[in-house]
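Worksheet: the structure to be examined is printed underneath.
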Ligand code: THU
């Protein structure tokens, strides 16, 4: 399967998800432009708004690992036919991606659809127009 390494990394991360409140484990995996893979899972909290998403965890690992540019990102939940990143994560992904960067949307078995971050967030916030 194409993207098998990314899918396996996201699946392994999803299996470590801390999601006792939603029972909705999510995994994400980034291939950085360096070629390194960074994975993450959602981490929930008893104070619900303090939890965060799998994509955010993966971005955190990428930054700690010394990379700054996403080549492609894959998102997976075993409980959804085609999970898509939430709005906040679309903005976070955009910070480290180009408009044509691929986002692979998965079900439990593999990639269902590949879109771009520009498709998902066509008018994200940027500081370029600052006066
Ligand atoms: N979640 C993610 O990890 N990524 C998404 O793109 C959507 C939602 C998590 C947050 C929360 O822990 C659970 O899924 C249910 O919303």
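Nothing in this text is a laboratory measurement; each read-out follows from the coordinates by a stated rule. Given the structure is predicted, the values throughout are model-derived calculations rather than measurements. Counting neighbours? That spans all protein chains shown, and the Cβs are built from the backbone with ideal geometry, glycine included.
Here are the numbers:
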quantity: FRET efficiency, 1/(1 + (r/R0)^6) with R0 22 Å, evaluated for residue 95 and residue 5 via beta carbons; calculated: 0.40
quantity: Cα→Cβ-extended label distance, 7 Å offset, between residue 81 and residue 125, nm; calculated: 3.4
quantity: Overall dimensions of the range 28-131 by Cα: Rg and Dmax, Å; calculated: 13.7, 48
quantity: Percentage relative contact order, the chain, counting C-alpha pairs under 8 Å, at least six apart; calculated: 20
quantity: Residues 67, 107, sorted so that the one with the fewest Cβ neighbours within 10 Å comes first; calculated: 107, 67
